[in-house]
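Participant: This structure is in structure tokens; I'll ask about it shortly.
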Amino acid sequence: MFENLIESQHKASYGGAFGGGVFSIVFHSVLITAAVYATMHAHEVKRAVVRAFDITQVAQQKNEPPPPKNEIASVAPLPKGFQTLTIPTNIPVVIPPPSQNTSFNAADFSGVGVEGGISHGVTTTGPVIRSDQPYLESVVEERPEAVNGPPPRYPDLLRQAGIDGRVLLEFVVDTSGHVERGSVKVLSSTNQLFEQPAREAISQWTFRPGKISNHPVRVRVQQPINFQIQGRQGP
């Protein structure tokens, strides 16, 4: 056995430890400096990014074509309307229970305005309203007025008999002031022989068109045509 223990000697590497410590200090110092610089100049970087975004948006807006100008068209106000009561063909025997959801407004059945609407204006919730539905004389601001037209032809038979008469016609005057073909109806007459001459005459009449808000509109007109022998005074 060894009488003397040989002590193992550890040779410390001072150079390696010192070199590694200096590198660590320098590396962390650079990181800290970079972080501080980035923090101090973060608002400048953000401002530069926002400025670049604004410039891009302006360039895109300049390249976009201008939007088309919308033409503003003046529209005539909606006319008042009314509902029409219909007579049922099958009379119910049992009275149905009252409905809680049905509302009734007597003004909707006043008979003034466009048929199928309601008192405060035309609606499409009830009967379908055509867009070309003619207005009634009672709702237009300017009613159609007759300008010129030939007198009706007096039937020879009634002239020889000395019979006077009257025919009440209904027709539609268009926006140009002419009577629409096929719209003439006879509402009443004192003699059927007066009806055809009255139709022929009114079809050739011209009118000053009816207007709403200074816009010509189609109007349904009722016009009486009187037949009287010349030189004879009526009653």
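Participant: Calculate, in nm to one decimal, what Asn191 and Ile163 gain on full extension: separation in residues at 0.36 nm each, minus their alpha carbon distance. Walk me through the numbers before you get to the answer.
Facilitator: Numbers: separation 28, 0.36 × 28 = 10.08 nm, distance 0.94 nm.
Stretched out fully, the Asn191 to Ile163 stretch lengthens by 9.1 nm.
Participant: Give me the one-decimal nm value for the distance between modelled label points at Ile32 and Glu141, 7 Å along each residue's Cα-to-Cβ direction.
Facilitator: Inter-label distance under the simple model: 8.5 nm.
Participant: Please give the contour-minus-distance gain from Ile95 to Ile229: 0.36 nm per residue of separation, less the Cα-Cα distance, rounded to one decimal in nm.
Facilitator: Working: separation 134, 0.36 × 134 = 48.24 nm, distance 5.77 nm.
Computed gain between Ile95 and Ile229 is 42.5 nm.
Participant: Oh, and also: At 0.36 nm per residue, minus the direct Cα-Cα distance, what do Thr84 and Phe109 gain on full extension? Give it in nm, one decimal, please. Before the final figure, lay out each step's value.
Facilitator: Values: separation 25, 0.36 × 25 = 9.00 nm, distance 0.64 nm.
In short, 8.4 nm is gained.
Read-outs throughout are calculated quantities, based only on the coordinates presented, and are distinct from any laboratory measurement. Source: prediction; values computed, not measured. Neighbour counts run over all protein chains shown; Cβ positions are idealised from the backbone, glycine included.
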